[in-house]
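Here is the structure we will look at, set down as structure tokens.
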Amino acid sequence: MSRWYRAYEGTVTDAKLAEAALVADCSRSVAIAAWHALLESAACKNNCGSYETSARRVAVILCEPPVKIEALFGAFDEIGLTINGAIAAWKRRQFQSDDSKERVAKHRQAKKTVTKQADEPEVTARNGDVTAPETETETETQPEEEVSPNGDCPSGDEPALRPEHVFEGYQELAKSIGRNVPRDFTPERRQLVRGRMSQYSLADFQTVFAKCRDSPFLRGDKNDGRTPLTFDWLMKKANFQKVLEGNYDG
């Protein structure tokens, strides 16, 4: 069974990843992808954040020159994202509640508590009413809620993605590339976002935002500042898919 790992909020806009990309002379999208490759390797090894994948292997996966990925790994070390072959602050980045065994144990203990309470004798009051024994009672502890990659249905351990997060993420994107920043998260926009959330994962949203940031066409560099990129345009299924598939790269 594959292990889960958490990508902290703000990964796409993390200034350290942007700095690493600049040092390694590669795009931010490559830096983000390489960083997730390290997180995935660390989750697979499950040993305090240490990872086993190499720069050459990541270069093959990402179809990038090995020298750039090696430079990127060096930048991760220099900036402090990694230390001696391990993800820095791994335990702080990965919540302790991710331990499925711990969640199961808590849930079973809660069920035992409820069963015990159900077996306790009732006490008949002087007026004939039946009451519970005068002891401190405990309520059943529900297992930690799990959310799927699209943030809607319970199934895994990925952090919850809410429509507001998508809107705020685009606002940050628009600021960073000098585009008009949308002000109001209208019901129509919320409906658009929910439509995309039902079809795409958190990683897809991160990839799309990164591609928008790295695309000269979508930034407006190639058209004297003109670009079709707006929040409403991007959240339409056809446009979101085109950006995700790299139609506007380069």
Of the residues that make up region 37-50, is at least one modelled with pLDDT of 65 or more, under 21 Å from Asp249 (Cβ atoms) and part of a helix (DSSP H, G or I)?
-> yes
Note: among Arg226, Arg189, just one is exposed (fewer than 15 other Cβ atoms within 10 Å of the Cβ), charged (D, E, K, R) and either part of a loop (DSSP other than H, G, I, E, B) or modelled with pLDDT of 90 or more (or both), namely Arg226
Determine whether Leu244 is in contact with a Cys (Cβ under 6 Å, 6 or more places away or on another chain) and modelled with pLDDT of 90 or more.
-> no
Residue satisfying all of: in region 6-36; among the acidic types (Asp, Glu) and not in a helix (DSSP H, G or I); modelled with the highest pLDDT among these | Asp25
Given Phe167, Phe209, which one is of a type in the set (Phe, Trp, Tyr), under 22 Å from Asp249 (Cα atoms) and either modelled with pLDDT of 90 or more or not in a helix (DSSP H, G or I) (or both)?
-> Phe209
Only one of these is exposed (fewer than 13 other Cβ atoms within 10 Å of the Cβ), touching a helix residue (DSSP H, G or I) at 6+ places or on another chain (Cβ under 6 Å) and not hydrophobic (A, V, I, L, M, F, W, C): Glu52, Glu70. Name it.
-> Glu52
Output the residues belonging to region 200-227 that are closer than 18 Å to Gly169 by Cα and without any contact (Cβ under 8 Å) to a residue 60 or more places away in the chain.
-> Tyr200, Ser201, Asp204, Phe205, Val208, Cys212, Ser215, Leu218, Arg219
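The values are calculated or read from the model by the stated rules, or taken from the named source; none is laboratory data. Predicted, not measured: the structure shown is a model, and the values here were computed from it. Cβ coordinates were reconstructed from backbone atoms using ideal geometry, including for glycine residues, and neighbour counts include every protein chain displayed.
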